[in-house]
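**Student:** This is the structure, below, for whatever I ask next.
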Amino acid sequence: MVLFVLCLGIYSVNVLGNALLIGLNMLDPRLHTPMYFFLSNLALMDICGTSSFVPLMLANFLETQSTISFPGCALQMYLTLALGSTECVLLAMMACDRYVAICQPLRYSELMNRQTCTWMVALSWGAAFANSLLQSILTWSLPFCGHNIINHFFCEILAVLKLACGDISLNALILMVASSVLTLAPLLLIFLSYVFILTAILRVPSAAGRHKAFSTFSAHLTVVVIFYGTISFMYFKPKAKDLYLDKLLALFYGVVTPSLNPIIYSLRNAEVKAATIALLRGDLSRKMAPFPVVL
């Protein structure tokens, strides 16, 4: 019951916060820029990612015996893996956008046009979902002849592979290669973008100019640190003897981290705060009126 109430509250913050970001980006013309286009996709991905397993997880918290159907488990594993990988690639695309905005400001509108941004987002979603489809086909092609108890909050791919009674060496190899391509490669791209960004910021002569340039990507930097920091702590720490610790870490990564993104972008972004205030005052709806109202 404690986990149910806690996770329900965090999940509600996640859905409402990210839905608010998407709504603001659609309603406020000042937010119709590449950065907020990427942010809207990140918010949509966070909503879909948590919604793929949290509602059933909440229901299972109240049940004596937690169960999931075979097709439901397959769909849940596919979606959680795909959406998690999408966030890795999408954060790299957002880092590239910040690099162009700070290091190539005069060519920003030319380089980051609508078609380019659409292709970058399509690549993020397409590559991740294609990889998840491959991993799902390989996983569910294995024989499952033993027990059917998944020692996890949801159908996480590693937890499912432990149930297979066949050889999973090929699955582990392909999963490791795919994880390196979709996780480490975007992280390297983010790191290189930050190096160029920080170099460009340090060249700005005025302190006010440096502060303004840093503020344009500080929110993205915070999200990257939390996201990859949580992943690193989960997968590169020594294996815990108590499996409940690993599951709680996965719960933090899957539920809490997506809920922090709208909070971070709201608190550290002047445009989002201004759009939120305008929405609360009712100015945003008047500003979006398609035709002037004649009284």
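**Student:** Evaluate the following for residue 66: is it in contact with a helix residue (DSSP H, G or I) (Cβ under 9 Å, 6 or more places away or on another chain), closer than 16 Å to residue 150 by Cα and polar (S, T, N, Q)?
**Tutor:** Considered against the rule, which asks whether it is in contact with a helix residue (DSSP H, G or I) (Cβ under 9 Å, 6 or more places away or on another chain), closer than 16 Å to residue 150 by Cα and polar (S, T, N, Q), residue 66 comes out as yes.
**Student:** Among the numbered criteria (1) farther than 27 Å from residue 93 by Cα; (2) open to solvent by 70 Å² or more (accessible area, probe 1.4 Å), which single criterion is violated by residue 173?
**Tutor:** Among (1) farther than 27 Å from residue 93 by Cα; (2) open to solvent by 70 Å² or more (accessible area, probe 1.4 Å), residue 173 violates only (1).
**Student:** May I ask you to list the residues in segment 157-170 that are open to solvent by less than 80 Å² (accessible area, probe 1.4 Å) and modelled with pLDDT of 85 or more?
**Tutor:** If the condition is that a residue be open to solvent by less than 80 Å² (accessible area, probe 1.4 Å) and modelled with pLDDT of 85 or more, then 157, 160, 161, 163, 164, 165, 168, 169 are the ones that fit.
**Student:** Still on this structure, I have one more. Any idea which residue in segment 23-67 is nearest to the chain's Cα centre (by Cα), counting only those that are among the aromatic types (Phe, Trp, Tyr) and within 16 Å of residue 12 (Cβ to Cβ)?
**Tutor:** 53
**Student:** Select, from 63, 87, the only residue that is among the acidic types (Asp, Glu) and open to solvent by less than 30 Å² (accessible area, probe 1.4 Å).
**Tutor:** 87
**Student:** Here's something else I'd like to know. Would you mind finding the one in 223, 272 that is open to solvent by less than 20 Å² (accessible area, probe 1.4 Å), part of a helix (DSSP H, G or I) and at pLDDT below 80?
**Tutor:** Answer to the selection: 272.
**Student:** Residues that are under 24 Å from residue 159 (Cα atoms): list the helices (runs of 4 or more DSSP H) wholly contained in segment 1-111 that include at least 2 such residues.
**Tutor:** So the answer is 2-27, 34-51, 54-61, 70-103.
**Student:** Return the residues of segment 122-169 that are more than 28 Å from the chain's Cα centre (by Cα) and in a helix (DSSP H, G or I); say none if nothing qualifies.
**Tutor:** Passing the criteria: only 169.
**Student:** Additional query: Please verify whether segment 125-144 includes one or more residues that are of a type in the set (Gly, Ala, Ser), in contact with a Pro (Cβ under 9 Å, 6 or more places away or on another chain) and surrounded by 21 or more Cβ atoms within 10 Å (Cβ to Cβ).
**Tutor:** No: zero hits.
**Student:** Pairs under 7 Å by beta carbon, first residue touching a residue at least 12 places away in the same chain (Cβ under 8 Å) and under 18 Å from residue 217 (Cβ atoms) in segment 71-98, partner open to solvent by 20 Å² or more (accessible area, probe 1.4 Å) and among the β-branched types (Val, Ile, Thr), six or more apart or different chains?
**Tutor:** Note: pairs meeting the criteria are 88/183; 98/216.
The values are calculated or read from the model by the stated rules, or taken from the named source; none is laboratory data. Note that the structure is a prediction, hence the values are computed from the model and not measured. In this analysis, Cβ positions are derived from the backbone assuming ideal geometry, glycine residues included, and neighbour counts consider all displayed protein chains. Side chains included, ligands, DNA and RNA excluded: accessible areas come from the protein's heavy atoms. Shrake-Rupley method; radii C 1.70, N 1.55, O 1.52, S 1.80 Å.
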